[in-house]
1. All other residues with a Cβ under 11 Å from the Cβ of A:TYR94 taken together, and with Lys, Arg as +1 and Asp, Glu as -1, what is their net charge?
2. At R0 = 25 Å, how high is the FRET efficiency between A:GLU52 and A:ASP26 if r is their beta carbon distance? Nearest 0.05 is fine.
3. How much length would be gained if the chain were fully extended between A:SER42 and A:SER7, taking 0.36 nm per residue of separation minus their Cα-Cα distance, in nm to one decimal?
4. Given points 7 Å out from each Cα along the Cα-Cβ axis, report the B:ARG30 to A:SER74 separation in nanometres with one decimal.
5. Sticking with the crude label model, points 7 Å out along Cα→Cβ, report the distance from B:SER79 to B:LYS57 in nm, one decimal please.
6. Of B:GLN68, B:GLN101, B:GLN17, which has the largest mean-square fluctuation in a 10 Å C-alpha GNM of chain B?
7. Report, ordered by chain and residue number, the lysines lying within cross-link reach of A:LYS70, taken as a straight Cα distance under 23 Å and ignoring same-chain residues fewer than 8 apart.
8. Using only atoms on other chains, find how many Cβ atoms lie within 10 Å of each Cβ of peptide B:100-109 and report the average.
Amino acid sequence: AQTVTQSQPEMSVQEAETVTLSCTYDTSESDYYLFWYKQPPSRQMILVIRQEAYKQQNATENRFSVNFQKAAKSFSLKISDSQLGDAAMYFCAYSPTNFGNEKLTFGTGTRLTIIP
Amino acid sequence: KAGVTQTPRYLIKTRGQQVTLSCSPISGHRSVSWYQQTPGQGLQFLFEYFSETQRNKGNFPGRFSGRQFSNSRSEMNVSTLELGDSALYLCASSLEWGFEQFFGPGTRLTVL
């Protein structure tokens, strides 16, 4: 079974600084998707970034980028120029690509606090 | 385009009762997934539907069931409620598996 591990329950960063959230996963599959989701205090889950395992290039979305290390099964999220609105729970998630196995497996989350 | 809507937003039930939660996906989305979120267990996958067919199911007892209608709207039902069923139930929709899943605001279920 696939598992996703987020070893940092809480992180904090000064506004305008850079922070990296860690995620590791375990799978025997060669192709899969990885995601970072953000859940602000309002509770609506929002996709931050998506990575396809077969793509070598790390995904980026504005101030958000990932460091995808397939061999190490690591998928960290870097947030640059942190803003107050980035404060939220961040969940790393794994999804297989094979038919009949459509589900997201989430990590336990990292609570990110932005210090003004 | 309207987002994913879930009704009701809050629900209080007592042990032994049953409950039905509803999810309306984004227009054009045919895949609907359900997740249970609790402080102790985190986010856990319940089931996924596509074109009225359940394609995958998580490790939940048979008291948890769901269905999807021809307009892609989905319902989940929990029978014989237990205290441990208290949770935030999230619904997510997407065009197809692997595409971005858009989450609804959730239904907060409290079982007394």
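Every number here is computed from the coordinates shown, using simple stated rules; none is lab data. These numbers come from a predicted model, not from an experiment. Ideal geometry is used to build each Cβ from the backbone, glycine not excepted, and the neighbour counts take in all protein chains shown.
1. Details: positive: A:LYS73, A:LYS103; negative: A:ASP26, A:GLU29.
Overall, the nearby charge balance is 0.
2. Details: r = 18 Å, r/R0 = 0.73.
The computed FRET efficiency comes out at 0.85.
3. Values: separation 35, 0.36 × 35 = 12.60 nm, distance 2.39 nm.
That works out to 10.2 nm of additional length.
4. 4.0 nm
5. Calculated label separation equals 1.2 nm.
6. The residue with the greatest mean-square fluctuation here is B:GLN17.
7. Qualifying lysines at Cα under 23 Å: A:LYS38, A:LYS55, A:LYS78, A:LYS103.
8. On the way: counts 5, 8, 4, 7, 3, 4, 4, 0, 1, 0.
Other-chain Cβ atoms within 10 Å of each residue's Cβ, averaged: 4.
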